[in-house]
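Notes to accompany the following structure.
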Amino acid sequence: MEVEASMNVVMEEEDERELTNRVICQLTDSEGTPLGAPIFLPESAGPKELQQLVNKLLNNEEKLPYAFYVSDHELVVQLGLYLQKHKVSVEKVLTIVYQPQAVFRIRPVTRCSSTIAEIRMSFIGSLCFISNVSVFISYNFWVAGEYIMDFMREDDVVDFGHTEAVLSVAFSPDGCQLASGSGDTSVRLWDLNTQTPLFTCKGHKNWVLCIAWSPDGKHLVSGSKAGELICWDPQTGKPSGNPLTGHKKWITGISWEPVHLSAPCRRFVSASKDGDARIWDVTLKKCVMSLTGHTLAITCVKWGGDGVIYTGSQDCTIKMWETTQGKLIRELKGHGHWVNSLALSTEYVLRTGAFDHTGKHYSSPEEMKKVALERYNKTKGSAPERLVSGSDDFTMFLWEPAVSKHPKTRMTGHQQLVNHVYFSPDGQWIASGSFDKSVKLWNGITGNFVAAFRGHVGPVYQISWSADSRLLLSGSKDSTLKARVWDIRTKKLKQDLPGHADEVFAVDWSPDGEKVASGGKDKVLKLWMG
């Protein structure tokens, strides 16, 4: 009995000691800046207690949500359980990184709400002949608010949907419109309320390879395999002027000057297979600057938030250009093969300008510029803008171009060429899609590898993030869309969204988070909803 009593006393003392155990912790932001001095936290503390602590230390009047990471692993349990599971020593200071989360949550897309394929309606006399009836049954005879029979004439032909592969899709910055470019030489604008064609924009002579909305939503520019660019008015579907010519080979990329630097938006930069980049002014309707210096084709281009243009090339280099005279600022070297893709840590706010998930619109360019600058500064923080590059050499580099011409980190792990790289909207993560059939997730600050998402059985062509940085979308040669896709917290595939009959070339997630668009070789544009 005495032995049993002694055992009970010892166990009670151990339980009491476990309850009173403390871990010395240092809270830091993603850039490594400490939040106060190291503090002792009980092992029973979890994400809820840490959120309360961080909000208090930051003096947040409105309590904000945060996620917490230890060595790139999200802390979702009590400290004691985490330390025990990962065998972390408590003799050293434990660094806990806090990351602000979006105050809104994007609902994962789960279903295809619309399939827009080629439909031809021919009218001969009073008869209407429809091809591809199986697709057409999801439509009615209303297009852009007009009853189609009211304006059809004898021998008229109406086309719905693209007649060749869909090569590019892009939502407008406010998420209200969708544009698509196709091998049928047309650009199409879609009414997202009725999910029917709004305008068919014709003028290109060859495949439409890329499209880009201005951050204020006033312009849409498309570039073709013939090398010309056309600026469209999204409200009418009409070109704003004659095609912009000057490139000798096809267009490989388009990027607009950020609206926080210039409002209303006037200038954009185009990159071409001919090895040059050109800055155009849509008001003057001409090229105002040529950026020459690459020895091979330019594959990608970005206009940064600090006013610097970045071009990636098959000559294995990335060049930085200032935009007042078009002079070369710096050259970034390191890749051993073609540079295929570039992404900026501030890219989401550069693309959306003043627009966010609330759908608010603005009465003047000045107001829009002010709000866009606030959003940019909030995303950028005190750290320099970061750039990530993906290459045919199977590697990626993380750069801080304003600080150094040398890469911050070399990121390895892909077994084949890296086709697309993309920062999450909050800049905390980097996703990469590769011909090795995988999508990989990396820390957007350090470049450290975090997780690999496997599920595709073909090369991954393009990826896109949800506005809250919690979900990732990918399109592949295997004709599937991995959506609801990759959950960043669990690092797992949630759901396949099959439906395309062939390779998926283009995907985009709307800025309001409600819709996903995909297009591919099957000539079909699909809209997906939650």
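The values are calculated or read from the model by the stated rules, or taken from the named source; none is laboratory data. None of these values were measured; they are calculated from a predicted model. All Cβ positions, glycine included, derive from the backbone under ideal geometry; neighbour counts span all protein chains shown. When the accessible area is computed, the model is the full protein with side chains, heavy atoms only, and any ligands, DNA or RNA have been set aside. Shrake-Rupley method; radii C 1.70, N 1.55, O 1.52, S 1.80 Å.
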Worksheet item: When the dipole is taken about the Cα centre of region 390-530, and only Lys, Arg (+1) and Asp, Glu (-1) are charged at their Cβ, what size is it in debye, to the nearest 20?
Response: 340 debye
Practice prompt. Would you pull out the residues with amide H under 5 Å of Ser341's amide H, same chain only if 5 or more places away, H placed 1.01 Å from N?
Written response: Gly390
Practice prompt. With +1 on each Lys and Arg Cβ and -1 on each Asp and Glu Cβ, and nothing else charged, work out how big the dipole of region 319-374 is about its Cα centre, in Debye to the nearest 20.
Written response: 240 debye
Practice prompt. Go through Gly390, Leu332, Met411 and say which Cα lies farthest out towards the positive end of the charge dipole of region 313-455; charges sit on Cβ, +1 for Lys and Arg, -1 for Asp and Glu.
Written response: Met411
Discussion item. Could you tell me which residue out of Val421, Ser364, Thr490 lies farthest along the dipole of region 361-508 toward its positive end? Charges go on the beta carbon: Lys and Arg +1, Asp and Glu -1, centred on the Cα centre.
Written reply: Thr490
Discussion item. Run the reach check for Lys360 against lysines, Cα to Cα strictly under 19 Å, same-chain hits fewer than 8 apart removed. What comes back?
Written reply: Lys218, Lys369, Lys370, Lys378, Lys515
Worksheet item: Any idea of Phe355's accessible area? Nearest 10 Å², probe 1.4 Å.
Response: 10 Å²
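Is region 207-319 rounded, prolate or oblate when judged by the Cα gyration tensor, a ≥ b ≥ c being the square roots of its eigenvalues, rounded requiring a/c under 1.5 and prolate requiring a/b larger than b/c? It would help to have the intermediate numbers written out before the result.
Working: a/c = 1.97, a/b = 1.31, b/c = 1.51.
Oblate, because a/c is 1.5 or more while a/b does not exceed b/c.
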Worksheet entry | Dipole moment magnitude, nearest 20 debye, region 259-363 about Cα centre, only Lys, Arg, Asp, Glu C-beta charged | 220 debye
Discussion item. Through the Karplus equation 6.51 cos²θ - 1.76 cosθ + 1.60, θ set to phi - 60°, convert the phi angles of region 368-375 into ³J(HN,Hα) values in whole Hz; use x for Gly and Pro.
Written reply: 4, 5, 5, 5, 4, 5, 4, 5
